[in-house]
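Each value in this text was obtained by applying a stated rule to the coordinates, not by laboratory testing. Just so we're clear, the structure is a prediction, and the values are computed from it rather than from any experiment. Note: ideal-geometry Cβ built from the backbone for every residue, glycine included; neighbour counts use all protein chains shown.
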Amino acid sequence: MMTNTFQSATALLGRLLLAALFLPAGIAKLAGFAGTVGTIASVGLPLPAVGATIAVLVEILGAVALIVGYGTRAAALVMAIFTLVATYFFHAFWAAPADQAFVVSLLFYKNIAVVGGLLVVAAFGPGAWSIEGRGASHNGPLVH
């Protein structure tokens, strides 16, 4: 049986590790916005500037939501959908040249695992060590 402290600590660590993937990526996209727009345009997506803006907002605001544990379930769900869409368009290993297929497939499946982690956060919430969990007592699974 897991203790509340263990659940709270691992939920926080999980949120921080997920945010560690998205926050630097969002900041890099913002800092190199023109390059981000160009990358999105290169795969043929419409309105690349709008897509880049959405990517920056989802990655930065979503990461902050995960870090502080506020709006966590909604943020995790939006981030999971965003990651699935981005993975399809930017890590299409089935369409990659043979010499790149292995690395692209690793990135694809890494992102699928990240989506799994985000869905767990969406399902079970941020845990007690979060803005949402302040003052909540947990006598079992991290469910609010």
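Worth a mention:
- A simple rule links phi to the HN-Hα coupling: the Karplus curve 6.51 cos²θ - 1.76 cosθ + 1.60 with θ = phi - 60°, which for segment 56-62 gives 4, 5, 5, 6, 6, 5, x Hz, with x for Gly and Pro.
- Cβ-Cβ FRET estimate between ILE131 and VAL85, R0 fixed at 25 Å, reported to 0.05: 0.35
- One compactness figure for segment 1-56 is 1.67, namely its Cα radius of gyration divided by 2.2 N^0.38 Å.
- Per-residue 3J(HN,Hα) values for segment 112-123, derived from phi via the Karplus relation 6.51 cos²θ - 1.76 cosθ + 1.60 with θ = phi - 60°, read 4, 5, 4, 4, x, x, 5, 5, 5, 4, 4, 6 Hz in sequence order (x marks Gly and Pro).
- Structure-based [θ]222 nm, the chain - -39500 (n - 2.57) summed over DSSP H runs of at least 4, per residue, nearest 500: -25500 deg cm²/dmol
- P(r) of the chain over all Cα-Cα pairs, binned every 5 Å from zero, in whole percent: 2, 10, 17, 19, 17, 13, 9, 6, 4, 2, 0
- Computed from the Cα positions only, the extents of segment 45-120 along the three principal axes stand at 43, 30, 14 Å, in decreasing order.
- Across segment 56-95 the C-alpha pair distances fall into 5 Å bins from zero in the proportions 5, 26, 26, 18, 11, 9, 4, 1 percent.
- Calculated FRET value between ALA9 and TRP94, using beta carbons and R₀ = 35 Å, to 0.05: 0.35
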